[in-house]
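Right, one structure below, let's go through it.
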Amino acid sequence: MTRTGPFKGRTISVVNDFSLDEQRYLYRKTRELKEAALSGSDVSKFRINDLDYQVYLIFMENSTRTRESFRNAGKFLGARVNVFDAATSSFNKNESITDAVKMLFGYSGESCFVLRTKLEGVCTWLDEAFTEYAQITGKPKPSFINAGDGKHEHPTQEFLDEFSFLEQLGWNEDHIHIAMVGDLYHGRTVHSKADGLRIFRNVEVDLIAPELLSMPSYYVEKMKANGFQVRIFDSIEEYLAQARVAPIWYFTRLQLERMGEAVLERTPYLRQAVTFRKDFLGKLPDGCRFYHPLPRDRNFPTIPFFLDELPLNGWDGQSINGYWTRITEIAMLAGRIGEDFEGEHARRPKFVDDFVHEAQAQEKRKPEYKVGIKPVEEGIVIDHIATGKPVGEIWDTIDAVRKILKLDVRSSHGVYHSNRGPDIFKGIISLPDIISFGEKDLKKLAAIAPGCTLNLIRHAHVAKKYRLSMPPRIYGFDEISCKNENCISFPANNEGVLTEFIRKGETTFVCKYCEREHKFRDIWDV
Ligand code: CP
C-alpha cells in the first residue's frame, strides 16, 4: 500500500500549518470520505492498513471528543493505536515530554503523535527536535498533531468547525456570517477562528460577550486585518434587538476556573448575558444552526438542553465531524492521500539576517567620542543608542547594552544631543579597550539597541561604521526568555528548548513556540 503523499511527516501545530489550499483539500477529502462511508461505498483509498504505523495518543489533560475521535480514526485507518497513560507515567518523576516521546518513537516504524498538553507550543518544538533526531536514528520523521495546548491552539477543532460550517452552507465558500457567543476571552476555539474563517472569501463576525469575557483585542485586530467585518455586542439580548442576526452561532463554555475572584463575583450576570433563552427562539433567522466545541457545562449550559431536539442542533453533528476530519488528517500525514493535491503548500518563513549595514565613515575627527573629556584614539564607539526616545529610556538602553554585552571595561557613556534636532537625544558608549565585536555580540547589540551605529576608531578617526537594524528573529542568547510560564520554552519548564523570538512589526516579537506577543523590551531578562 503506497504512502508517498506530499503531506507525509508533516505536523499540525497551529491552523496555519496548513495553507488555505491545504485546508480546502482537507475539507474536500473529508466530504468525499464521509459521503462514501455513509452510503456504504468503498473507502479503502483512505485506509493505511499498516500496524507498523502507530498513532500514539498522549493526553496530559482531560478530553472526551478529541481523544476518542482520534482513537477511532486511527482504528478506522488500520493503524496501530496506542493510548499513553499520562497519569501513571514517568511524567510524575519529572520526565520531559521530549524524552518520553523519544522512547515511544522507538517502538514503531512510523509514528503520528497526538498530544494535548497544558504546555503551549509543544508540537512546534517536537517537530523541530525530531527533524534532527529522526535523521540520527535513520527513521522517518514522525508527525505531531496538537490536540489542544493550553490557551494557545486546538487546530483540529478549528478544522472540524470549518468543515461543519461548509456543510451547512452547501460547500459555498463565498460568504459566512457567524455569531460567536460566550467566553470569548479564554476560548482558544474562538481565537482560532481569526485564522480558520479565512477559507471564506467574505466574512462577517458578530462577537457577543460582556466586556469581562470579550475577545482579546489581538484577535479582533487580526480578524480585521484578515478583512473580516466585526461587530461587538454585550449580550444575546442586545444582539437580537437588532435586525441582522447571523444564521450560524458558535457558543463556548464559560471557563470560570480560569477567572479571578473579582470576575467570579459577577458570574450570574456573565452567564445570563450569553445563555440562550426560550423567548429568543422567534428572533432567529430561518435555517439557523448552533454549534459548540463541547463539553457543555451540564449545570449551566450556554445552549440549554431544551434546544437539543430542535433543527438548531448543529453541535452533535459537529462533534461527529471530528471523527471524519481526523481520519483525513492522519491519512494525509501518513502519506496515504495527497497525491491529487493541487495548490500552494504552507511555507515556513525564511529569515535573512541582514541587520548589519556598513555606513559611510566620516573623515573628520569626531570630538564627541570621549572617555570623560578625552577623545577615543583606538577602540569602539557605539553611537545613536535609542535616538529620539525619552531620556530615561535611553539610559535604560545604555544600561541593557552594558549588562548584556558584559561591557565591564574602562569606558564611558552618556546621553547627548542628537544633531537631528534640539530636543532629540541619543546615547553613546565609548570603549577604548575594545577593538572588535564578534558576530554574536553584534547581533545582540542590534537586538538591544536597533538603529545604533558601531564605529571602529583607528588613529582617532572613524575607520569603519556599521548601522545595526532590528534582526528578523532573536535567538541563541542566554539573556532572553519567553515570559509565558505555560510555554514549552519557559526556562522553569526545563524541556531544553532554546528561546526564539520572531519579529512582528517594529517593536513586537512573538515566541516561536507559544506565539505569545512580547514588547521588545520584555524579551530580555535584564
Ligand atoms: N472539543 C473538545 O476538544 O472536546 P474534548 O475536550 O472533550 O476533547
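Which angle from 0 to 90°, rounded to the nearest 10, does the C-alpha axis of helix 315-333 make with the longest principal axis of the chain?
That helix lies at roughly 60 degrees to the long axis.
Per residue, what accessible area does the range 155-313 have, given a 1.4 Å probe and all protein chains present, in Å²?
43
Starting from the Cα gyration tensor of the range 155-313, multiply each eigenvalue by 5, take the square root, and state the resulting semi-axes largest first in whole Å.
23, 19, 15
Convex hull volume of the Cα atoms in the chain, per residue, in Å³?
With only Cα atoms used, the chain gives 193 Å³ per residue.
In Å², and per residue, what accessible area does the range 474-523 have when probed at 1.4 Å with the other protein chains present?
47
How big is the dipole moment of the chain about its Cα centre under a simple scheme where the beta carbon of each Lys and Arg is +1, that of each Asp and Glu is -1, and everything else is neutral? Debye, nearest 20, please.
Once rounded to the nearest 20, the dipole reads 880 debye.
What angle, in degrees between 0 and 90 and rounded to the nearest 10, separates the Cα long axis of helix 65-77 from the longest principal axis of the Cα atoms of the chain?
The angle comes out at about 70 degrees.
Might you report the magnitude of the Cβ-based charge dipole of the range 155-313 about its Cα centre, with Lys and Arg at +1 and Asp and Glu at -1, to the nearest 20 debye?
80
Which of the pairs Lys406/Lys483; Lys350/Lys465; Lys222/Lys426; Lys8/Lys45; Lys222/Lys483; Lys118/Lys403 have their Cα atoms more than 25 Å apart in this structure?
Lys350/Lys465; Lys222/Lys426; Lys118/Lys403
Ordered by packing density, taken as the mean number of other Cβ atoms within 10 Å over each peptide's residues, highest first, how do 378-388, 431-441, 241-251 rank?
378-388, 241-251, 431-441
Amide H neighbours of His518 under 5 Å, at least 5 residues apart or on other chains, H built in the peptide plane: list them.
The answer is Phe509, Val510, Cys511.
Over the chain, what percent of the accessible surface lies on carbon and sulfur atoms, probe 1.4 Å?
Here it works out to 49 percent.
Roughly speaking, what % of Cα-Cα pairs in the range 474-523 are separated by over 17 Å, rounded to a whole number?
The share of Cα pairs beyond 17 Å in the range 474-523 comes to 22 percent.
Using a 4.7 Å cut-off between beta carbons, which cysteines in the chain end up with no partner cysteine at all?
Here Cys112, Cys123, Cys288, Cys452 come out as lacking a disulfide-compatible partner, given the Cβ-Cβ threshold of under 4.7 Å.
Accessible area per residue, 1.4 Å probe, Å², for the range 356-471: what's the number?
Here the residues of the range 356-471 average 51 Å² of exposed surface.
Of all beta bridges DSSP finds with both residues in the chain, what is the antiparallel percent, to the nearest 5?
Expressed as a percentage, antiparallel bridges in the chain total about 50.
What do you get for the angle between helix 20-38 and the principal long axis of the chain? Use alpha-carbon atoms, 0 to 90 degrees, nearest ten.
Approximately 20 degrees, to the nearest 10.
The values are calculated or read from the model by the stated rules, or taken from the named source; none is laboratory data. Computed from a predicted structure; not experimentally measured. Because the Cβ atoms are built from the backbone with ideal geometry, glycine has one as well, and the counts that use them run over all protein chains shown. All accessible areas refer to the heavy atoms of the entire protein, side chains included, with ligands and DNA or RNA removed. Shrake-Rupley method; radii C 1.70, N 1.55, O 1.52, S 1.80 Å.
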